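K.L.:
For reference, the structure I am asking about is given below.
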Amino acid sequence: MAIVMALGIMTQGVLLNFFGFRRFFGIVGEFLSIMILALWGLFSFSFLLSYFNKKFKTIHYEHPINRFGIGTWVAGTSICGILIYKQFMEWAFISQILLSVNILLWVIYIGGSVRAFYELNQNLLSKNVHGILLLTTVSTQSIVLLLSTVDQNVPSAVDIVLIAVGICFYLISTFFIIKRYVTTESWTINTDWNNTNCILHGALSITGLACVVSHVLSKQGVVLIWIMAAIVFLIIESIELYRLFNRLKQYGMKKGILIYDVSQWSRIFTFGMFYTITFQSDPKPFFLTLTRKVIITIGIWPIIILGIFELFLCVKQYSKTYKKLPLNM
């Protein structure tokens with residue numbers, strides 16, 4: 001579902017904002033939306049299949065850290081509900097159904113996540129935590145986005161409570177992540193820094209976007225969240241660049257960069273989310289206005305390039321896997 005999240009925010013947040021509704025939401029927009037919805041359906045079927053094959057618990061729930069990954073299902077479903085509502089209005093009732101199902105899924109997920117936080121602390125597993133914990137925030141704020149899109153009469157109190165819950169999970173998750181790297185005596189940037197740590201700024205960005213669409217925060221408040229997200233973005237991506245150079249030096253181009261990992265889609269999602277909140281923010285000081293304009297004008301191209309590059313690696317990886325499968329005669 002991380003792929004659905006990444007492609008969804010690229011479609012609904014990046015390309016739509018940059019090109020505008022009339023220029024983008026035609027044949028190209030419909031094609032991308034259908035592709036994303038098809039992927040969502042395929043992944044949903046695979047999750048159900050793992051349940052009926054009695055492998056669901058082993059794959060998705062047994063390990064406390066893996067349990068947080070279920071948050072991608074909530075966020076991915078929210079994005080699909082928004083795409084259907086905005087792109088295919090005649091099927092808007094499906095978005096209503098997805099909203100109800102997704103709220104139930106979110107409640108179950110949050111319950112499991114709270115238990116996972118407790119288990120991490122009790123079983124001394126916090127030394128292995130990473131940005132996947134922040135999916136608790138991402139999934140919660142995605143519910144706010146879907147609610148505000150599908151139901152215009154949601155009480156402000158509901159949005160405020162959900163956003164506050166998401167912020168609480170952000171603080172808890174960040175504490176666990178920082179604690180890991182501060183208290184661990186020896187760790188290396190190449191092997192112990194996880195791709196998902198970029199969600200540290202992505203979770204802030206989606207929180208700001210949730211505040212925008214729900215209208216629970218003033219423009220100044222949204223700008224403040226955007227500035228915080230930008231600061232965290234610079235810190236995390238500076239670490240990522242340092243890690244990139246180290247990997248190139250140690251492993252070379254082929255093994256250092258040209259390898260596929262599903263967690264890499266989290267980078268596309270977080271970049272796209274930061275672009276989206278930048279587009280939605282409205283800073284007044286000249287320096288911030290200029291910064292926003294530069295990000296909006298130039299930032300779209302690295303996101304598109306990263307997305308295409310990741311798709312290439314994904315197709316390459318799964319084509320190799322397919323070739324290794326035994327032929328059924």
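The values are calculated or read from the model by the stated rules, or taken from the named source; none is laboratory data. Every value quoted in this text rests on a predicted model; they were computed, and no experiment measured them. Cβ coordinates were reconstructed from backbone atoms using ideal geometry, including for glycine residues, and neighbour counts include every protein chain displayed.
K.L.:
Given (1) at pLDDT below 80; (2) β-branched (Val, Ile, Thr); (3) farther than 24 Å from Arg267 by Cα, where does Val101 come up short, assuming only one miss?
P.N.:
Result: Val101 fails condition (1) only.
K.L.:
Can you tell me which residues in the range 190-228 are over 17 Å from the mean Cα position of the chain (by Cα), among the polar types (S, T, N, Q) and part of a helix (DSSP H, G or I)?
P.N.:
Answer for the range 190-228, where residues must be over 17 Å from the mean Cα position of the chain (by Cα), among the polar types (S, T, N, Q) and part of a helix (DSSP H, G or I): Asn190, Thr191, Ser214, Gln220.
K.L.:
Go through the range 117-136 and count every residue that is crowded, with 22+ Cβ neighbours inside 10 Å and either among the charged types (D, E, K, R) or more than 25 Å from Glu185 (Cβ to Cβ) (or both).
P.N.:
2
K.L.:
With respect to Val129, determine if the residue is β-branched (Val, Ile, Thr), touching a Leu at 6+ places or on another chain (Cβ under 6 Å) and in contact (Cβ under 8 Å) with a residue 60 or more places away in the chain.
P.N.:
So Val129 fails the test.
K.L.:
Go through the range 245-290 and report how many residues are surrounded by fewer than 16 Cβ atoms within 10 Å (Cβ to Cβ), in a helix (DSSP H, G or I), among the β-branched types (Val, Ile, Thr) and in contact with a helix residue (DSSP H, G or I) (Cβ under 9 Å, 6 or more places away or on another chain).
P.N.:
Residues that pass the stated criteria total 1.
K.L.:
So which of Leu98, Leu134, Leu147, Leu171 ends up being in a helix (DSSP H, G or I), over 26 Å from Leu32 (Cα atoms) and out of contact with any Phe, Trp or Tyr (no Cβ under 8 Å at 6 or more places or on another chain)?
P.N.:
Numbers: Leu98 fails: over 26 Å from Leu32 (Cα atoms); Leu134 fails: out of contact with any Phe, Trp or Tyr (no Cβ under 8 Å at 6 or more places or on another chain); Leu147 fails: over 26 Å from Leu32 (Cα atoms).
Within the list Leu98, Leu134, Leu147, Leu171, the selection yields Leu171.
K.L.:
Restricting attention to the range 133-179, which residues are aromatic (Phe, Trp, Tyr) and over 17 Å from the mean Cα position of the chain (by Cα)?
P.N.:
Phe175, Phe176
K.L.:
Out of all the residues in the range 241-264, is one or more under 18 Å from the mean Cα position of the chain (by Cα), among the hydrophobic types (A, V, I, L, M, F, W, C) and modelled with pLDDT of 90 or more?
P.N.:
Looking only at the range 241-264, we keep the residues that are under 18 Å from the mean Cα position of the chain (by Cα), and these are 260-264.
With the extra rule that they be among the hydrophobic types (A, V, I, L, M, F, W, C), the set shrinks to 262.
With modelled with pLDDT of 90 or more added as a condition, the list becomes none.
Among the residues of the range 241-264, not one is under 18 Å from the mean Cα position of the chain (by Cα), among the hydrophobic types (A, V, I, L, M, F, W, C) and modelled with pLDDT of 90 or more, which makes the answer no.
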